[in-house]
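**Q** Before we start, here is the structure in question, set down as structure tokens.
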Amino acid sequence: MQDAKLLVAILRGIHPYEASAHVGALIEEGFCYIEIPLNSPDWQQSIPQMVSLYGEQACIGAGTVLNVEQVDFLAQAGAKLVVTPNTNPTVIRRAVDTGMLVCAGCATASEAFSALDAGAQCLKIFPSSAFGPAYISALKAVLPPTVPVLAVGGVTPENIGEYLQAGCAGAGLGGDLYRAGQSVETTRVQAKRFMAAFML
């Protein structure tokens, strides 16, 4: 059975006024990692609020983190998770130095090892849908076996099993879990679908 802790909920486009209801529903359904991308509206409000409300129940943080100024803001807000879309050693090092968990975006072996050298504790293969499970399986063959690899981009309840079989420890779940403006009930339904598929 899989460990549900390695599913990351990506709430791209969420607004501060609605974040609490969606994050609460996701935690109730078993999600332990919540990411609010920094290209979401008023993320400077949403993330500190979610840390304050749910920081004891889940690892709350940010995605699409691109520079050290953003890292510093997140650290001061008490965020615990930094997810990057790219491999930027300066950003990774700063986030690690502040005690945050870093899941660095990469696509090639060179990028993956650069991220690990900078201190990233986790790797996300992005966009996974463009590479497919076979590519990730081949990439994992040269990576340290203890490093968790997450599939991100195009992961659905129907195909998550293929990525797990390829060696992924989990996945980052975007548009098939949450789309901006959807109801809390839809978020809950999708969360249940992903959890059911992941725990098979």
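**Q** If a residue must be closer than 25 Å to ALA169 by Cα and surrounded by 20 or more Cβ atoms within 10 Å (Cβ to Cβ), how many such residues does segment 7-24 contain?
**A** Here the count works out to 7.
**Q** Please specify each residue of segment 20-59 satisfying the condition of being acidic (Asp, Glu) and farther than 24 Å from PHE194 by Cα.
**A** Within segment 20-59, ASP42 is the sole residue that qualifies.
**Q** Related question: So GLN182 ticks every box in (1) more than 16 Å from LEU7 (Cβ to Cβ); (2) within 17 Å of the chain's Cα centre (by Cα) but one. Which box is left unticked?
**A** (2) is the only condition that GLN182 fails.
**Q** Same structure, new question: If a residue has to be outside any helix (DSSP H, G or I) and touching a residue at least 12 places away in the same chain (Cβ under 8 Å) to count, how many in segment 171-199 make the cut?
**A** 12
**Q** For ASN86, all conditions in the list (1) open to solvent by 10 Å² or more (accessible area, probe 1.4 Å); (2) not in a loop (DSSP other than H, G, I, E, B) hold save one; what is the number of the exception?
**A** (2)
**Q** Any residue in segment 158-170 that is closer than 17 Å to VAL8 by Cβ and among the aromatic types (Phe, Trp, Tyr) sitting within a Cβ distance under 9 Å of a residue that is at pLDDT 95 or above and open to solvent by 30 Å² or more (accessible area, probe 1.4 Å)? List the pairs, counting only those 6 or more apart or interchain.
**A** TYR163/PRO133
**Q** Turning to a different aspect of this structure: Within segment 95-110, work out how many residues are touching a strand residue (DSSP E or B) at 6+ places or on another chain (Cβ under 8 Å) and either open to solvent by less than 10 Å² (accessible area, probe 1.4 Å) or closer than 14 Å to PHE126 by Cα (or both).
**A** Total meeting the criteria: 8.
**Q** Is there any pair linking a residue in segment 54-78 that is touching a residue at least 40 places away in the same chain (Cβ under 8 Å) to one that is open to solvent by less than 30 Å² (accessible area, probe 1.4 Å) and acidic (Asp, Glu), with Cβ under 8 Å and at least six apart or on different chains, and which?
**A** Taking only residues 6 or more apart or on different chains, the pairs are GLY61/GLU35; GLY63/GLU35.
**Q** For segment 138-164: of the residues being part of a helix (DSSP H, G or I) and open to solvent by 40 Å² or more (accessible area, probe 1.4 Å), which is farthest from LYS192 (Cα to Cα)?
**A** For segment 138-164, the residue satisfying everything is ALA138.
**Q** When you scan segment 65-82, how many residues do you find that are under 12 Å from CYS103 (Cβ atoms) and open to solvent by 10 Å² or more (accessible area, probe 1.4 Å)?
**A** Going through segment 65-82 one residue at a time, the tally reaches 1.
The values are calculated or read from the model by the stated rules, or taken from the named source; none is laboratory data. Quick caveat: nothing in here was measured; it's all calculated off a predicted structure. Glycine also receives a Cβ, built like all others from the backbone with ideal geometry; neighbour counts cover every protein chain displayed. When the accessible area is computed, the model is the full protein with side chains, heavy atoms only, and any ligands, DNA or RNA have been set aside. Shrake-Rupley method; radii C 1.70, N 1.55, O 1.52, S 1.80 Å.
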